[in-house]
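The structure appears below as structure tokens.
Just so it is clear, none of the values below were taken in a lab; they were calculated from the coordinates. Keep in mind it's a predicted model, so treat the numbers as computed, not measured. No Cβ is skipped: glycine too gets one built from the backbone with ideal geometry, and neighbour counts run over all protein chains shown.
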Amino acid sequence: MAADVGGFEDPPAGVLAEAAAAFGLLASSARLHIMWVLAQGESDVTHLTDRVGGSLPAVSQHLTKLKLAGLVRARREGRRQVYYVDDPDVVTVVRLMVGQLAARAEESSAPVRRLREIGA
């Protein structure tokens, strides 16, 4: 039974499981960096590799996982695949979380370090 606390009803267990799976994929700093870059605009795998570092095969594998989860989409332009995030809510979540943590890091590195220490 879903509780209604403060005007918000608890989401169904299935929705929470899907959200946890999506956040689990974003728990990889490499995949989160890819999402951050794609939240700024579309890109091909070569440009993404240049931006996030790592090898082209590793970035391709991350993109495949993100595509299978429905977080990233791709379209063909000639011989290359162009990747993008077409869900504005996903873009908002990534920008908000990374942006807030970056702002905190500029003020003091303690909050970011604390998250890493607790295993979040």
Between HIS47 and VAL98, Cβ-based FRET efficiency (R0 25 Å, step 0.05) works out to 0.85
Residue-count net charge about LEU32 - beta-carbon cut-off 13 Å; Lys, Arg +1, Asp, Glu -1: +4
Which of GLU77, GLU42 has the fewest other C-beta atoms within 10 Å, and how do the rest follow up to the most? GLU77, GLU42
Per-residue HN-Hα couplings for segment 23-37, Karplus 6.51 cos²θ - 1.76 cosθ + 1.60 at θ = phi - 60°, whole Hz, x for Gly and Pro? 5, x, 4, 7, 6, 7, 4, 5, 5, 5, 5, 4, 4, 4, 4
Ordered by fewest other Cβ atoms within 10 Å, a rough proxy for footprinting exposure, VAL85, VAL93 read VAL93, VAL85
Counting residues in the chain as N, plug N into 2.2 N^0.38 Å and put the Cα Rg over that result. 1.22
The answer for GLN81, listing residues at least 5 apart or on another chain whose modeled amide H is closer than 5 Å to its amide H, is VAL45
Among ALA103, ALA22, ALA74, which one shows the biggest mean-square fluctuation in a GNM of the chain, springs joining Cα atoms closer than 10 Å? ALA103
In debye, nearest 20, what is the charge dipole magnitude of the chain about its Cα centre with +1 on Lys and Arg Cβ and -1 on Asp and Glu Cβ, if you could check? 640
So for ARG76, ARG31, fewest C-beta neighbours within 10 Å to most, what's the order? ARG76, ARG31
Quote the FRET efficiency, to the nearest 0.05, computed for ASP89 versus ALA69 with a Förster distance R0 of 25 Å and r equal to the Cβ-Cβ distance. 0.95
